[in-house]
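Student: Dropping a structure here in structure tokens format, bear with me for questions.
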Amino acid sequence: MKVVLAYSGGLDTSVCIKLLQEKYKAEVITVTCDVGQHEDLDEAGEKAKKLGVKKHLLLDVKEELAQEYLFKAVKANALYEDYYPLHSALHRYLIVKKVVEIAKQEKAEAVAHGNTGLGNDQMRYDITFKAFAPELKVLAPIREMNLTREQEIDYCIKKGIPVNRPKDKPYSIDENLWGCFVGDYGDAEDPTKDTPEDIFRTVVRNPKGKESLFITIDFESGVPIGINGQRMTGVELIQKIRDLVGGYGYGWVDFTEDTVVGTKIRQTYESPAAFTLIKAHLDLEKLVLTKRELTFKHFIDKRWAELIFDGLWVEPLRSDLESFIEETQKVVTGSVKIMLLPNMIMPVSRTSPNSLYIKKLTSYGPESGVRQIMGQHFTELWGAGSIVAYQIRKEKNEKPK
Ligand code: ARG
């Protein structure tokens, strides 16, 4: 049997190579996607070859990730439960797409992933694989054999698989351009314990000697396209903002997350670029979308983020929601100026050719074009229904809420 494995070079997927060869008698092809992780991917490839894979492919998918996934998330201001920028969830769907393409080229019978039966990622892989390629078997050896991390490490030692995680601190690391997760172990898993000091990779915990700095982020139809008027690729832009803002100590979050099934898990993320771009994008939307569009879109955005989190990339509701989101983004063009200070960022001004700000409608100064009597008349009608209800309930001694 020929199997294409989504291979990161980490513990789980390295164990999978050997398990697929030994227990499933499979010929293994490994696919590693460069999604902007701070890992030595050539080393990961060397390791796969040493473990006897038939073929190994390294794909640079960073720009596709930025344009087709991360910038969709910007348009949707996507923060699951208001905190998590979905970096881990989003790139799984791209990895599945790539693994399926290779599996078809290689005429493989199955695809495989290294997920356990514990997390959310198994759903993202299984469901998307099945929708994209129902003819392929989906194998998940770690889950099928119910292996614990300690058993995996012992298996590696027995089989001579190099282990890149110390047994006393075996954190999971999951990183891409959009952000980084380090955790799933010890104090990092326990919501009562303070954020561990040693888990950050891109955010400086206590930045020293930083002066305030201003940057302008430019958007075209909801997509970030440049900084300070300078156009750049998605990858350049994300990396630049990540390094700059991370250097200021901004862009991390520590909270109790609800898993797909609704159990509670403590998660710590660093995502300076995601938090900054979403904050800037939302700021621009507030200038160019109407009050009604904004309140309705907020609800749509939240649903979009939940679908991505819940493993349901293929759910038709996602593209239905995206049709609405795309329509709104036609006017989201302009620039947002951000002030960076140690441990915080703040939008301080914004401009757009589609701005809905009309000075004479809201100015308190001499430019005001509103006759104040209009306010009095409008208020009378606007509150009439509520005033009547309040009075009637009061008369009937029903305590008004
Ligand atoms: N809780 C997040 C999610 O479900 C992040 C998971 C991080 N990855 C991991 N292997 N634990 O998307």
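What follows draws every value from the coordinates through simple rules; no lab data is involved. It should be emphasised that the depicted structure is a prediction, and the values quoted were computed from it without experimental measurement. Every residue, glycine as well, gets a Cβ built from its backbone with ideal geometry; the counts of neighbours run over all protein chains shown.
Student: Which condition number does residue 118 fail, the rest of (1) within 13 Å of the ligand (Cβ to nearest atom); (2) in contact (Cβ under 8 Å) with a residue 24 or more places away in the chain being met?
Tutor: Against the list (1) within 13 Å of the ligand (Cβ to nearest atom); (2) in contact (Cβ under 8 Å) with a residue 24 or more places away in the chain, residue 118 comes up short only on (2).
Student: Related question: Could you please give the count of residues in the stretch 392-401 that are loosely packed, with under 11 Cβ neighbours inside 10 Å and outside any loop (DSSP other than H, G, I, E, B)?
Tutor: 1
Student: Write out, first by first residue and then by second, each pair whose Cβ atoms fall under 9 Å of each other, whose residues are 6+ apart or on separate chains, and whose first residue, in the stretch 256-273, is in contact (Cβ under 8 Å) with a residue 24 or more places away in the chain and over 27 Å from residue 242 (Cβ atoms) while the second is more than 10 Å from the ligand (Cβ to nearest atom) and polar (S, T, N, Q).
Tutor: Once the first residue is in contact (Cβ under 8 Å) with a residue 24 or more places away in the chain and over 27 Å from residue 242 (Cβ atoms) and sits in the stretch 256-273, its partners that are more than 10 Å from the ligand (Cβ to nearest atom) and polar (S, T, N, Q) give 264/256.
Student: Can you go through 346, 339 and tell me which one is more than 16 Å from the ligand (Cβ to nearest atom) and within 22 Å of the chain's Cα centre (by Cα)?
Tutor: Criteria check complete, one pass: 346.
Student: Can you tell which of 176, 206, 146, 164 is surrounded by fewer than 13 Cβ atoms within 10 Å (Cβ to Cβ), within 30 Å of residue 126 (Cβ to Cβ) and out of contact with any Ser or Thr (no Cβ under 6 Å at 6 or more places or on another chain)?
Tutor: 146
Student: While we're on this one: Within the stretch 291-311, identify whether any single residue is of a type in the set (Phe, Trp, Tyr) and away from the ligand (no atom under 16 Å from the Cβ), and answer yes or no.
Tutor: Yes: one or more hits.
Student: When residues of the stretch 87-146 are filtered for being touching a His at 6+ places or on another chain (Cβ under 6 Å) and assigned to a helix (DSSP H, G or I), how many remain?
Tutor: Here the count works out to 1.
Student: Follow-up question, since we're still on this one. Going through 62, 23, 55, 72 one at a time, which residue ends up being surrounded by fewer than 19 Cβ atoms within 10 Å (Cβ to Cβ) and either over 17 Å from residue 155 (Cβ atoms) or free of Cβ contacts under 8 Å to residues at least 12 places away in the same chain (or both)?
Tutor: Sole residue among the options that is surrounded by fewer than 19 Cβ atoms within 10 Å (Cβ to Cβ) and either over 17 Å from residue 155 (Cβ atoms) or free of Cβ contacts under 8 Å to residues at least 12 places away in the same chain (or both): 55.
Student: Do you know which of the residues in the stretch 239-269 that are within 12 Å of the ligand (Cβ to nearest atom) and either among the charged types (D, E, K, R) or on the phi > 0 side of the Ramachandran plot (or both) is surrounded by the fewest Cβ atoms within 10 Å (Cβ to Cβ)?
Tutor: That would be 264.
Student: Turning to a different aspect of this structure: Can you list the strands (runs of 3 or more DSSP E) found entirely within the stretch 1-85 that contain at least 1 residues being within 20 Å of residue 115 (Cα to Cα) and touching a His at 6+ places or on another chain (Cβ under 7 Å)?
Tutor: Passing ranges, in order: 2-6, 27-34.
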